[in-house]
Each structure stands twice: as structure tokens, then as C-alpha cells.
Amino acid sequence: QVQLVESGGGLVQAGGSLRLACSASGRTFTRYSMAWFRQAPGKERDFVAAISWSGATNYADSVKGRFTLSRDVTKNLVYLQMNSLKAEDTADYYCAATQRWLYYGANRNDYNYWGQGTQVTVSS
């Protein structure tokens, strides 16, 4: 069993910054890839960014240049630094993981572990 827990969400004004964290607990993977998705009310869950075990990253076009992924493998943590936030970034942000450790794709169906989400609200 693997549990993912997100933290760091909150309310911020447009142009501000937040850093989200995802912590893995329980029986964790030896190698795995992790990603962030987000879901606004009434909308589908969309890809934000992903990072493979090797460190390769993939970002949605809407967040390129503003969001940065990083990970601390020894602590089973992944971070999403969000800068220059826009009102359009308002959503519930979810952490996801897959044992496909070379994968850093955008397909949510390829990730089989999910956190419960953390809310991010950006005021305009």
C-alpha cells in the first residue's frame, strides 16, 4: 500500500507563488515517476507536470516557465514550485505516481496512485 498526501495549497493573489509538496508513505516504490494534475470545479482532471525517476520533466504548455518540479528521492517527496500564478491556475491539485519509472507522460490513466488533493485558489 502506498499513500500520497499533498500539502501547501492555499489562497494567493495573482502574480504570487506557492510551493506544493507531495509526500509518499507506506510501502513506497524503489523507483517511480510522479506527476501533478489539477481539476477545477466542473472540469476534467488535467495534466500539469511530471518527473521521472531519472529526473526528466514534462510540463503542460499552460504552466511552462512558471511552474517547476523537483524531487527528493531519499525523503519520498516531490515539489511543485508555482510562480506567477494566474486566476486560471485555481484548482484542486493532485499528486500521482506510477511504478513506470521512466515515464513522465500526461495520461492520467498511466498513474495508479493518487493523493486526495490540495486546493489552490488564485484571486484576480
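Reported to two decimal places, what Rg/Rh ratio describes the chain when computed on Cα atoms with Rh from the Kirkwood expression? When Rh is taken as the Kirkwood radius, the ratio is 0.94. In µm²/s, what is D for the range 14-65 at 4 °C and 1.567 mPa s, where D = kT/(6 pi eta Rh) by Stokes-Einstein and Rh is the Kirkwood radius from Cα pairs? Result for D is 98 µm²/s. For the range 33-45, putting each phi into the Karplus relation 6.51 cos²θ - 1.76 cosθ + 1.60 with θ = phi - 60° gives couplings of 10, 9, 8, 10, 10, 9, 9, 7, x, x, 10, 6, 7 Hz, in residue order, rounded to whole numbers and with x for Gly and Pro. The calculated FRET efficiency for Ala87 paired with Gln116, based on their beta-carbon distance and R0 = 22 Å, is about 0.40.
Note on the chain: antiparallel DSSP beta bridges, both residues inside, total approximately 90 percent of the bridges counted. By a 1.4 Å probe calculation restricted to protein chains, Thr90 has an accessible surface near 40 Å², given to the nearest 10.
The length gained by stretching the chain between Gln3 and Asn107 to full extension, at 0.36 nm per residue less their Cα-Cα distance, is 35.4 nm. Ranked by solvent-accessible area (1.4 Å probe, protein heavy atoms only, all chains present), the residues Tyr113, Tyr104, Tyr93 order from largest to smallest as Tyr104, Tyr113, Tyr93. The range 1-76 and the range 88-120 have Cα centres separated by 7 Å. A crude spin-label estimate for the pair Lys43 and Ser25, with each label 7 Å from Cα along the Cβ direction, gives 3.1 nm.
What you get for the chain, charging only the Cβ of Lys and Arg (+1) and of Asp and Glu (-1), is a dipole of about 280 debye around the Cα centre. Working from the Cα coordinates of the range 66-124, the gyration tensor eigenvalues give, after taking √(5λ), semi-axes of 23, 14, 11 Å in decreasing order.
The values are calculated or read from the model by the stated rules, or taken from the named source; none is laboratory data. Small disclaimer: the values here were computed from a predicted structure and weren't measured. Please note: Cβ atoms are built from the backbone with ideal geometry, for glycine as well, and neighbour counts cover all protein chains shown. Keep in mind that these areas ignore ligands, DNA and RNA; they rest on the heavy atoms of the full protein, side chains included. Shrake-Rupley method; radii C 1.70, N 1.55, O 1.52, S 1.80 Å.
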